[in-house]
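The values are calculated or read from the model by the stated rules, or taken from the named source; none is laboratory data. Keep in mind it's a predicted model, so treat the numbers as computed, not measured. Here the Cβ positions follow ideal geometry from the backbone for every residue, glycine too, while neighbour counts run over all protein chains shown.
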């Protein structure tokens, strides 16, 4: 028996738990083109799986369904101890070090958000919202993102003349929407120079200021605060300081809306492939981690889960990315194409499997007197 066939049998034994076959006939089955695939997966587990896909060692017609199945089957828990070693070492690194320190805060901007505004303009809706849309009454991505923006503004009870702080403002889509439709002044902050530049241009003529800085360097007091898709970069060692900072920046009767991806369970590490190629130093919070760090300064007014909407959002982004690729390919490599496709579809599988959540929390100071009415 050859070494490759033995390795293939080991991997197939794990995939059997998820109903996935190597070179099978189902659209979620793997089609292996090169024998290097087996050594890469057995040697580096999830990192090897992703890198092997980027290298063209294997393909899958429906990557989203492949990941849905392996995540539901919780293959990480079923893998032999030897294969879990990279997982254990990464978990230890997360436990010992603050991977989201002030000095590392700008790394994700440089690696991910600065990759190219043309890519995000092609993939996203006209407001360039790079977070889960709200599909309850929407038929298109543009509608779903506009509904999400309006939902956020209504949950914050925005009133004309108020000040809004947007922590992690992206390309300024929410800042622009709130300024135009709710007549508020906005300060947005980002760790991406590319985002800052484009956001300033898109918000020109509006009472919107876009700053390039870390959230720990903010000053002032605001009527309302919002943070959409940024908390995933804060890290559990900084949660208490993050919420304390929000409390300090918010006026006594203010509201803070936190929109974040969440994990169904408390995890000790980020997927190694995602950490290296997409979101360095990221961490998906659990309900337990958030709840344990809210006290003593902030109180929970509302907690809304619509994680199933992220699956649909990611598939819409993937469709737009695929349509735009003939144009984008002049600037980006084929390896990048496979990397980005893998990222979007494995993320869709995360939410379809139920392992990923999407939460909107509305928080206030404990001293707030006003009664809050939940909005859906």
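So the values come out like this:
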{"quantity": "Where residue 215 falls short, out of the listed (1) more than 21 Å from the chain's Cα centre (by Cα); (2) surrounded by 21 or more Cβ atoms within 10 Å (Cβ to Cβ); (3) touching a residue at least 40 places away in the same chain (Cβ under 8 Å); (4) closer than 23 Å to residue 233 by Cα", "calculated": "(1)"}
{"quantity": "Enumeration of residues in segment 243-258 that are out of contact with any helix residue (DSSP H, G or I) (no Cβ under 7 Å at 6 or more places or on another chain) and surrounded by 22 or more Cβ atoms within 10 Å (Cβ to Cβ)", "calculated": "246, 250, 254, 255"}
{"quantity": "Residues (touching a helix residue (DSSP H, G or I) at 6+ places or on another chain (Cβ under 8 Å) and within 19 Å of residue 261 (Cβ to Cβ)) located in segment 293-303", "calculated": "293, 294, 300, 302"}
{"quantity": "Residue check for residue 8: modelled with pLDDT under 95, surrounded by 15 or more Cβ atoms within 10 Å (Cβ to Cβ) and in contact with a helix residue (DSSP H, G or I) (Cβ under 6 Å, 6 or more places away or on another chain)", "calculated": "yes"}
{"quantity": "Hits in segment 194-205 (condition: more than 17 Å from residue 167 (Cβ to Cβ) and within 19 Å of the chain's Cα centre (by Cα))", "calculated": "194"}
{"quantity": "Some residue of segment 315-335 being assigned to a loop (DSSP other than H, G, I, E, B), closer than 29 Å to residue 157 by Cα and in contact (Cβ under 8 Å) with a residue 60 or more places away in the chain", "calculated": "no"}
{"quantity": "Subset of segment 330-351 that is more than 17 Å from residue 57 (Cα to Cα) and surrounded by fewer than 16 Cβ atoms within 10 Å (Cβ to Cβ) - its residue that is nearest to the chain's Cα centre (by Cα)", "calculated": "331"}
{"quantity": "Condition met for residue 284 (surrounded by 15 or more Cβ atoms within 10 Å (Cβ to Cβ) and farther than 30 Å from residue 337 by Cα)", "calculated": "no"}
{"quantity": "Out of 162, 252, 194, sole residue that is at pLDDT below 95 and either assigned by TED's automatic domain parsing to the domain that holds residue 70 or farther than 30 Å from residue 51 by Cα (or both)", "calculated": "252"}
{"quantity": "Qualifying residues in segment 120-140 (those that are more than 17 Å from the chain's Cα centre (by Cα) and in a helix (DSSP H, G or I)) - the one surrounded by the fewest Cβ atoms within 10 Å (Cβ to Cβ)", "calculated": "121"}
{"quantity": "Check on residue 261, under 15 Å from residue 165 (Cβ atoms) and in contact (Cβ under 8 Å) with a residue 12 or more places away in the chain", "calculated": "no"}
{"quantity": "Residue check for residue 180: farther than 23 Å from residue 307 by Cβ and crowded, with 17+ Cβ neighbours inside 10 Å", "calculated": "no"}
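A quick yes/no check of all residues on (1) in contact (Cβ under 8 Å) with a residue 24 or more places away in the chain; (2) more than 28 Å from residue 337 (Cα to Cα):
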{"residue": "119", "(1), (2)": "yes, no"}
{"residue": "155", "(1), (2)": "yes, yes"}
{"residue": "166", "(1), (2)": "yes, yes"}
{"residue": "176", "(1), (2)": "yes, yes"}
{"residue": "186", "(1), (2)": "no, yes"}
